[in-house]
Every structure is written in structure tokens, then in C-alpha cells.
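The values are calculated or read from the model by the stated rules, or taken from the named source; none is laboratory data. The model shown is predicted, which means the values in this text are computed figures rather than measured ones. Using ideal geometry, Cβ is built from the backbone for each residue, glycine included, and neighbour counts are taken over all protein chains shown.
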Amino acid sequence: MKIILQIKGKFTAQALVGSWRVLLTACLLVVAMTAQADAWLDGDPDAIWERAPGVYKEGNHWYAILHTKPGDTQVKLYGDFTNGQSGAVAMTRTPDGKFWWFKGTDSSFSRAPAHGDHYRFMLTRDGEQQTFQDPAARWVTNSNLSTGMSRIYLSDAYQWNTTNWSRPDQSELNIYQLHPLRFTDRNGKSPLDEVTEELDNDGTNDYLSDTGATAIQLLPVNEFAGELSWGYNPSFFYAVESSYGGPDALKALVDEAHQQGMAVILDLEFNHLGIGDNILYTVNNTTYADGDTVWGPLYNFNNDVAKHFLIQNVLYLAREFNIDGFRFDHTNTIHNDFSGYITQSGDGGGWEFLRELYGNLKSEDPNIWFTAEELPDWWGITADDTGSVVAGTAHAPMDSQWTDTFHDNFKAVLTGGHLDDLWPVFGHFGDGWQDATVYTESHDEVGNTDDRIAKRGRDGKGWEMNQLSLTGTILARGTPMIFMGQEGGETTQFHIDWWDDRLPLNAYETNAGRAKILAWYRKMNDIRSADSQTFATADSVVTHIHNNNRVAAFSRDGGKYVVVMNFGPTTWYNYDVGISGTYLEVANTSWSRFNLGGVPEATRGEGVATAISDVHIPAYGAVVLARASTSAAINFTCNNGTTTWGQNVYVVGNIAELGNWDTSKAVPLSATAYPTWTGTANGLPANTPVEWKCIKRDSGAVVWQGGANNTVTTPASGTVNSSGSF
């Protein structure tokens, strides 16, 4: 900019002085305008997109990044560290007009900002000076947009005790979903601190650490309007709810959970904006909102600034709080323009947003876990290969999803429905075991309607149905989840938002009936934890359903485990569910410590290895069997096994030890007397019928032995011979 001062004609000394005053004023104006001139952060157009919005310190530098309406001017940061508005720090607008930013050091302020200091932004809008809380504040006094204050949050103010945390694989996740405020009526602390007390394993009130669950999933903890809420009405996405204890309380919870070997999953609400204390809508509604839903304004997923805000939000939560995974609320409304919950469509972009979010998080932390509440099931959202690469991955934007079919069908049976509804429940979902998060209760399913299983259980046997729900959920294929109270026979509806009823954990531990349900839940968790890889990933097959008898059974890993459930009043003895072999009873609801209604004991004895072709099943109960470990073996012979270069001969069969007919898991033989191949498979289940065949593989297509399967039954102990021929 050039300012040219021309003085023509005659002038007096007074006029000369006046002219210099004009020049001085003009120069000061130049300086002022230069300070406010548009510029890129660090002189790089990409730099600001690589940073999160908000006010924070990184290294020796302070950053403030804010998006406002296009016409806003004179944007400044003020707070305790600037002597209020009088020392407010001016911010610079980016040349594209999308952000205002400031970068400085401690000396840039009247004094160095301190942990907990209050601050706000001030700006001129439509000719009036206005102030706003920081939309990306890490900490707030409360969500009130007029009187609330944002607070400086220094990351290193909390010192982590857990420095060597190793996140469990998804196959090890066994989730307990809870609401921070309404989880417990004991401990007398802030909600997050109360939860922490229940998982610290200090000998007092250790409810969570005693359950055997390996992960806790918190309903949303982002700052929301008021103090009573499920959390799905977000006001400040980066801040932890002040009434819950704030950010350090969440860190303390995660820290303690990790010390106890438990992962922490956060629930995120991105499909809409809150209708109370909506800071994003206030700062710039056209950027952050686009359309409407039955819950509030639809988020604008097709805007680069709005997407940047949420992607950086999740990155921040993962980094700052060492979070292990995220659950995303009703993703169908995010990516499906025709969702029934959308009342006014936006211009889309939700699918691309989800994929960018997934790719950005996975590039930083490949093992962080994403699960969706899609509803109804749509396996495209967890597909291994979408056919295109976005943000470095071809994977769909979720690792898993809440499986609606599992919940709806299983709960229908638990509350009186036809047992044929169970056929799809204990099978396979999606394109891999990891796609399914399975559950029979959630906050929605027992909150939006008064449908606790303990209250609605068939034949008035709510607590018994609770035990069956826990059996089928915890021992199912995929990732299991229960909702708080399910393990204690809770009958009270989880009312939405304005309620403050707490779980009576003392009653769960001391009431004779409730304690037996809790003990059964812990037993199921023990069984799963002892072989989590098998329960998560191995095959699951329904072996028996008989509606009139009210009996259903499913097997895991080719019969390694058998789960039998009785939804009726008859105690069955010597009942055929299509399983035979030598098995141990590892759990039985008719055992005294689990027996709720005084039903007759129907058992062959706890931990006793028994050769069976049928089972004893308690009324309104369950029995869990595990194949006994024995020294049974089979000497295999495959005759006429002539091979080409690179080929080898194997045996494959119908039990897990022989690959469950999976040729990649077949047992190799040796060409001891070529073309005869032999070998021994040890550690097989006793008294078990085995079907098998010889195969050739390793070079070209797999070649199978022709004709019928070879058959043999393993002995109670020792070795048996069996042969086949090409």
C-alpha cells in the first residue's frame, strides 16, 4: 500500500505542522493495517489445516485458531492473562478468510497464561462488538454462551501413571457401557471420579474391576447444556463436561482403567448439533449446520472447515486422553441423505467425511477402534474393501457396528418370541468376525422404551432371561457389549436426559438374586477371557432349535465349546442338541451359586470330563460345555499320494484340530514310504466322531481325495489308526 501526501502552493508554519500531523496519522494507520493484514500461519497455506482449532500451547508456542462469519472483523483473544479486554491480543485472518489465528509465546501476553485461566474471543459483527466462548475450548466453566468462560488447558498439568499401556486387540474387547453420572449411587465424588473408584481395584468399591469386562464405553462426555443429559446434545465437542469433573478427571479415569488392563471407548455424537448452548451454530451457522434432523441441526459434512473441526476433534481426544476407541452415534444419518431422522436434507458429504476421519485416525494409530451405531445393519460401513482409497485406506469407515439383527432377534426370544428368531443370531455377520458388536441391551434399547430384559422377560422370568442374555452375548462371535445394570437384573428404565437415578451397586452385590446374576456375568467373562481369540473369531453354528421344547444350542470353533439355553420351564435330561464327545461342564445356571428360582439341578458335575451324546439342561437356564483336553490321537495314512513337484499331502477334517475343513489349516503328512503318506495328530478330543479326507496342496489347485469322507472315532485315550486313499 502506498500513501502519497502532496502539499501544493504556499503554506505557513502552522499549515506545515498540520500536514505532518496528517502524515503521522497516515503512517500509524499503515502500521495498524499492516498488523491486521491477511496472512498464512507460518507463511504456509497448509499449516493451519494441520492444526486443531482452539487455544492451546505446544512446545514454547501458543496458538489460537478460530473460524467466524465472513464479515467479522477485529477478532481478538482476551482473558485473565491479558488484563481482560484492555490487553486483548489481535488475531490475523487467513487470505482465504476461513480462519483467524495467533501464534506467540508467553511474553506475547500481559502474563503467561496459566492452567485454568478464563478467556473468550471478542470481535466486531454487524458493527457491534460481541464476545464468544471458544468453540474448540478444551475446558469450560459451563456451556452457557453468555456467561460461561473457556479455560486454558495445559496438557502436562496431568502426569500420567501409565506409560507402558498396551491396547488390547479387538478380539480381547468385552465392553461394559455406562453413563458416568448414573452408573453408581456410591462414592460421593464427581461422576468421573466415582467411576474411577469402581475400577481402581483398591479393595473398596471395586465393582468394575471385579466384573471381568475388558473395556468400558462411556456415554458422551463432551460438554452439553445443563447437567442432566445422556450427552447426545453436544455444545462443546473438545471440552469434557464440567459437571463430570472436566478433562483431568477423564484422564484419571483412563489412567486407572489402563493400570487395571481395561480399555476406554468414548461415544461421539456427530450426526447433529445440540439445540441448547449451540456454540457452533452461534459462531457461524452456515458453516457448521446444513439441514435438520429430529434431534437438532444436521452437521455440515460437505464443508472443509466443518470437517476439519470434527476430524481434529477426534485426533485431539485420542492423543490427549489416550482413548482406545470411539463409538459413533447413528452413522446412517451422517452418510444417508434419506435417513428417516433427517427432516431437511443438507448437501451430503457424510460418507466422504467418515472415510476421511477413519483414514486420518488410522494413519496415526492403526489399532484405534471405530464402531458404528448404523441401524439397521448395513455391512458396507465395515467392508474391508470399498473399491477406492480415501485418506490412505480402502477400508470402509468403521471397524465394527452395533448388530441390530443380533439385538432384535435375541431380545424377541428373551421376551417371549419364537425360537426360530435365533437362527441368524449365533451365526456370522459382515465379511469378518470383527464387523459385529453384539448386545441385548443398550442405553437406547432400555431408555427410549421401558424394555429392560429383567422387566420384560418371558414367562415373568426376567432375571433368568438376564442370565440367558448374558450367556448368548458374552459367548457369541464378535465383540460383546452389555449395558450397565443388565448384569444386576435391573428393571428400571434408563430414562432420557433429565433423570438422575443411579444404579444400586450395593444391592447388585448383596441381594441374593441380583448377586447370582452378577456372579453369572463374571463367570461368562472368565470363560471368554480364558480363550478370547476363539470366542471372538472362530466359527459359530446353531446346532439345535426346538421352539416347543424352548431349547436352543450353538457351538463355537467346531464344537470346542457348546452353549445350550433353555427358555422354558422344563428341566431336560439326556437331551440331544447334536453334539457328542468328551466335554467338561464349565458353567451351569442350576449350580447353587447361580440358581435363581430353586430349579432342579441338571448337571453332570462341575469340571468333570464326560463322554456325552446328550446334555442335561436346567429350566430357564443355560449350560456351557468345553471339549475336554485329552491325549487322544489319530495315526493317519493316505495311500496312492503321488505328487508333482512342490505338492504335499495333508489331512483336513470336521474338527478344529484338523482345520474345520479349511485346507489352509490342514495337518501335514510325511512321505515315509512314497507314495504312501503318514502322520499323527495329537491332542484330539476323546470319544469324538471325526470325518476327514486326504488332500494335495502347495502347488496349483487343492486336490481332494474322491468319494465319501473317511470316518473314525477318537478313543477315550491313546491312539487310533485311520486311512484313506486318492
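Quick notes
- Output for the stretch 573-601, where each listed residue is over 15 Å from E464 (Cβ atoms), of a type in the set (G, A, S) and not in a loop (DSSP other than H, G, I, E, B): G581
- Of the strands (runs of 3 or more DSSP E) lying entirely inside the stretch 235-345, those carrying at least 2 residues that are aromatic (F, W, Y) are 325-328.
- Looking only at residues in the stretch 576-596 that are within 16 Å of A611 (Cβ to Cβ) and among the hydroxyl-bearing types (S, T, Y), the one that is modelled with the lowest pLDDT is T582.
- Matching entry among G659, G605 (being free of Cβ contacts under 8 Å to residues at least 24 places away in the same chain, on the phi > 0 side of the Ramachandran plot and more than 35 Å from the chain's Cα centre (by Cα)): G605
- Residues of the stretch 629-656 classified as part of a loop (DSSP other than H, G, I, E, B) and under 15 Å from T713 (Cβ atoms), total: 3
- Yes/no for V89 being closer than 23 Å to A239 by Cβ, out of contact with any His (no Cβ under 9 Å at 6 or more places or on another chain) and crowded, with 21+ Cβ neighbours inside 10 Å: no
- Candidates D96, D72, D80, D46, filtered to the one that is closer than 13 Å to Y119 by Cβ and of a type in the set (D, E): D80
- Of all residues making up the stretch 125-175, the number that are among the hydroxyl-bearing types (S, T, Y) and within 26 Å of G325 (Cα to Cα): 8
- For G188, the conditions (1) in contact (Cβ under 8 Å) with a residue 60 or more places away in the chain; (2) part of a loop (DSSP other than H, G, I, E, B) are fulfilled apart from (1).
- Test: residue in the stretch 43-59 that is exposed (fewer than 13 other Cβ atoms within 10 Å of the Cβ) and closer than 18 Å to L280 by Cα: no
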